[in-house]
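Worksheet: the structure to be examined is printed underneath.
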Amino acid sequence: MDLGISGRRAAVAAASGGLGLASARALAADGVAVAICGRDPQRLAAAVDELERFGGVVVGLPADVSTPDGAAAFVQAAGDALGGVDILVPNAGGPPAGGFDAMDVEAYRRALDLNLLSTVAMCRAAVPAMRAQGWGRVVAITSISVRQPIEGLILSNTARAGVTGFLKTLALEVAAHGVTVNTVQPWLHATERLTQLHGGDLTAAARQVPTGAVGRPEDFGAVVAFLCSDHARFVTGAAVPVDGGAHRGLQ
């Protein structure tokens, strides 16, 4: 299916691997010019090489989006390199694991910078121009923990819930200007990181998913690309679980 976004320009954060790279791959395959960022120069270069196989414009930008300033700088650099940003995919790694007793207030501040304020900063850098041109897409990668808090991840559960509230509110404010704002909420996918954590055997991880298998990163990327598409123009303010049925609630 032609998504109707060939020639658009996307900034995909933290996309040198994992679900960020899968999202960038899906966009590049549909003719979108893509700027990605990462902290590891070698991983970033390898990701750029992979995306360039689709034949479009690909820019790799060394950046650390774990702070609001770093996140805003990435979007600004992406816009300078591509001539603008029509599509924004906010994304970042997760904060350290641990429960209430293990975390002091400063740990929460760092988590909010990483998973909430970085997204706010990216949106502030990208959304005004989208609104002015009358077209834009924001699709943030969060976590299924927003719907169903994960034990031992109190920092992630807290910060990602906050960014979901921010993006839902932003969606209402820009809906009349041709800009949609959505989030995707992954559970377990066969990323390099998950494979490493499980010693190369994802059998145990698969037992945590009702489908009996962990997700494929390319399937996740396809969901992100669809939400960026022209066909999804009437979808905004949505929080879409991509979790193989792991979330059991009615909402």
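None of the figures in this text is laboratory data; all of them are computed from the coordinates on show. Bear in mind that the values here come from a model prediction, so they are computed numbers and not experimental data. Cβ placement follows ideal geometry from the backbone for every residue including glycine, while neighbour counts extend to all protein chains displayed.
Between 0 and 90 degrees, rounded to the nearest ten: what's the tilt of helix 118-133 against the longest Cα principal axis of the chain? It works out to around 30 degrees. Taking other residues whose beta carbon is less than 12 angstrom from the beta carbon of V127, and scoring Lys, Arg as +1 and Asp, Glu as -1, yields +1.
For trypsin sites (Lys or Arg not before Pro), the sites in segment 28-68 that DSSP calls loop and that have at most 15 other Cβ atoms within 10 Å are R39, R53. Rounded to the nearest 20 debye, the dipole magnitude of segment 102-157 is 360 debye, with +1 charges on Lys and Arg beta carbons, -1 on Asp and Glu beta carbons, and the Cα centre as origin. Within the shell of other residues whose beta carbon sits under 10 angstrom from the beta carbon of A29, the net charge comes to 0, with Lys and Arg scored +1 and Asp and Glu -1. The gain in end-to-end length when the V105 to A176 segment is fully stretched comes to 21.7 nm, 0.36 nm per residue minus the alpha carbon separation. Close amide-amide hydrogen proximity is noted between L153 and G98, each under 5 Å apart and 5 or more residues distant or on a separate chain (H modeled in the peptide plane; Pro and chain starts excluded). Taking other residues whose beta carbon is less than 15 angstrom from the beta carbon of T236, and scoring Lys, Arg as +1 and Asp, Glu as -1, yields +2.
Computed from backbone phi with θ = phi - 60° and the Karplus coefficients 6.51, -1.76 and 1.60, the 3J(HN,Hα) list for segment 14-25 is 6, 10, 7, x, x, 6, x, 5, 4, 5, 4, 4 Hz; x is used for glycine and proline. Under a 5 Å amide H cut-off, with hydrogens placed 1.01 Å from N, A140 pairs with N182, T183, V184 among residues at least 5 apart or on other chains. Calculated FRET efficiency, E218 to I150, Cβ-Cβ distance, R0 = 25 Å: about 0.55 to the nearest 0.05. Between A111, A14, A222, the residue with the greatest mean-square fluctuation in the GNM of the chain (Cα pairs under 10 Å linked by springs) is A222. Relative intensity of the chain on a log10 scale, I(q)/I(0) at q = 0.14 Å⁻¹, equals -0.90, per a Debye sum over C-alpha point scatterers of equal strength in the absence of solvent. Within segment 162-250, the chymotrypsin sites (Phe, Trp or Tyr not before Pro) that combine a DSSP coil assignment with at most 13 other C-beta atoms in a 10 angstrom radius are F234. Residue-wise HN-Hα couplings along segment 212-226, as the Karplus relation 6.51 cos²θ - 1.76 cosθ + 1.60 with θ = phi - 60° gives them from phi, are x, 8, 6, x, 8, x, 5, 6, 4, x, 5, 5, 4, 4, 4 Hz; Gly and Pro carry x.
Dipole magnitude for the chain: about 460 debye, using +1 per Lys or Arg Cβ and -1 per Asp or Glu Cβ, origin at the Cα centre. Residues D2, D64, arranged from fewest to most other Cβ atoms within 10 angstrom of their Cβ, appear as D2, D64. The H on the amide N of G38, modeled in the peptide plane, is under 5 Å from the matching H of L61, A63, each at least 5 residues off or on a different chain.
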